[in-house]
Amino acid sequence: MRVAHVAALTAVPSGIWRIAMGLGIPVGFDTEGLDVPGWFSVMCGAMSLGTEGLALLTLGLVKPWGEVVPRWMPFIGGKRVAPPAAVIPAALGATALMLLTIPRAHGFGRAHGAPTGLPLVVMDACYAPLLWGPLLAVVTISYYRRHRD
């Protein structure tokens, strides 16, 4: 259960970093030429909310609502969650996250407009939640083992 909570929290630093950048707060990345504040700011906020929303779905693999759909949900409320309906998207998500973040573990130092020094270290630590994919995989395997037919 703790692993699921840690997995859900791994996306928070990147969300905060993106929101700060979208608000025009200097986070080390060159935002010159971007619509800040403006459309780019909205995009940063939407990406942060979407990412954290997806990260919070990890909790469904350890909470009761990952086994039975909450009653307030129209049409499907109160029905049992079929294990493949949770395991397949979670496994695909874990795989996609690892494919997107692990190759970038060396950092964004070569990206156009990327900072250098300590700001680059902070950006790398925040922007790419490297642990999210592996932790989601661990929680997914645990869910699968508990719900095998």
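Here is how the numbers come out for the structure above:
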{"read-out": "Rel. contact order, % - alpha carbon contacts under 8 angstrom, at least six apart, the chain", "value": "34"}
{"read-out": "Of ALA86, CYS44, GLY24, farthest towards positive along the dipole that unit charges on Lys, Arg, Asp, Glu beta carbons give the stretch 17-149", "value": "ALA86"}
{"read-out": "For the stretch 71-83, 3J(HN,Hα) per residue [Karplus equation, 6.51 cos²θ - 1.76 cosθ + 1.60, θ = phi - 60°, Hz, x = Gly/Pro]", "value": "4, 6, 6, x, 6, 10, x, x, 8, 5, 7, 5, x"}
{"read-out": "Residue of VAL27, VAL12, VAL69 that the Gaussian network model of the chain assigns the largest fluctuation, springs spanning Cα pairs under 10 Å", "value": "VAL69"}
{"read-out": "Per residue accessible area of the chain, 1.4 Å probe, in Å²", "value": "62"}
{"read-out": "From the coordinates shown, log10 I(q)/I(0) by the Debye sum over Cα atoms at q = 0.10, 0.12, 0.16, 0.20 Å⁻¹ corresponds to which of (i) -0.58, -0.70, -0.95, -1.21; (ii) -0.52, -0.69, -0.92, -1.11; (iii) -0.43, -0.59, -0.89, -1.17", "value": "(iii)"}
{"read-out": "For the chain, calculated [θ]222 nm from helices alone, where every DSSP H run of n ≥ 4 adds -39500 (n - 2.57)", "value": "-17500 deg cm²/dmol"}
{"read-out": "Anisotropy class of the stretch 39-78 from Cα gyration tensor, a/c 1.5 cut", "value": "oblate"}
{"read-out": "Calculated from backbone phi, Karplus (6.51, -1.76, 1.60) coupling profile of the stretch 131-139 in Hz, x at Gly/Pro", "value": "7, 4, x, x, 5, 4, 4, 4, 5"}
{"read-out": "Euclidean distance of C-alpha centroids, the stretch 79-104 and the stretch 9-30, integer Å", "value": "25"}
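The values are calculated or read from the model by the stated rules, or taken from the named source; none is laboratory data. Because the structure is a prediction, the values reported are computed rather than measured. Quick reminder, even Gly has a Cβ in these numbers, built from the backbone with ideal geometry, and neighbours come from all protein chains shown. Ligands, DNA and RNA are excluded from the accessible area calculation, which covers all protein heavy atoms including side chains. Shrake-Rupley method; radii C 1.70, N 1.55, O 1.52, S 1.80 Å.
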